[in-house]
Amino acid sequence: MNFDANPVVSSFFNRAYLYLMHGWVYILECSDGSYYTGSTIDLQTRFIEHQNGLGANHTRKRLPVKLVYTEAHPLIQTAYAREKQIQGWSRQKKSALIEGRLEDLNGLAECKNLTHYKNQGFRP
């Protein structure tokens with residue numbers, strides 16, 4: 001059977017294929033020193049897009065960018081979830097990840113705000 005001949009079947013298989021594709025999480029360092037975290041199914045193409053000003057608004061304004069970290073994932077969904085996790089991290093924690101200082105990640109996850117209950121001298 002030719003799946004391309006039936007738009008409904010073709011669309012289903014295209015979506016299923018994308019769902020099962022591997023994914024990448026990447027961190028770019030922009031020209032101003034800021035980090036941009038993203039995810040994609042095609043790392044090389046996405047990096048070229050960023051370099052040519054076709055990526056996210058953040059990177060478009062801060063060219064050139066440099067690829068400083070990548071992680072391969074079996075599914076694009078897990079890559080996307082990891083992207084969102086890393087986006088919530090502090091710059092220090094992202095730097096530790098980029099530099100391979102994995103032993104520092106737990107300590108960098110703790111809140112350092114003076115107003116945080118852990119820094120007030122009491123425990124709830």
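Taking the number of other C-beta atoms within 10 Å as the exposure measure, put T45, T37, T78 in order starting with the fewest. Please list the in-between numbers first.
Numbers: T45 10, T37 21, T78 15.
Least to most surrounded, the residues fall as T45, T78, T37.
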Got a sec? How would E83, E49, E103 order by Cβ neighbour count within 10 Å, fewest to most?
E103, E49, E83
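Which order do the peptides 24-31, 59-66 come out in when sorted by mean C-beta neighbours inside 10 angstrom, highest first?
Packing proxy ranking, top to bottom: 24-31, 59-66.
How large is the Kirkwood hydrodynamic radius of segment 21-88, counting all unique pairs of alpha carbons, in Å?
11.7
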Per-residue ³J(HN,Hα) for segment 66-75, Karplus 6.51 cos²θ - 1.76 cosθ + 1.60, θ = phi - 60°, Hz, x for Gly and Pro:
10, 6, 10, 7, 9, 9, 8, 10, x, 10
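FYI, it's all coordinate maths here, none of it is from the lab. Computed from a predicted model, the values in this text were never measured in an experiment. All Cβ positions, even for glycine, are placed from backbone atoms using ideal geometry, and neighbour counts span all protein chains on display.
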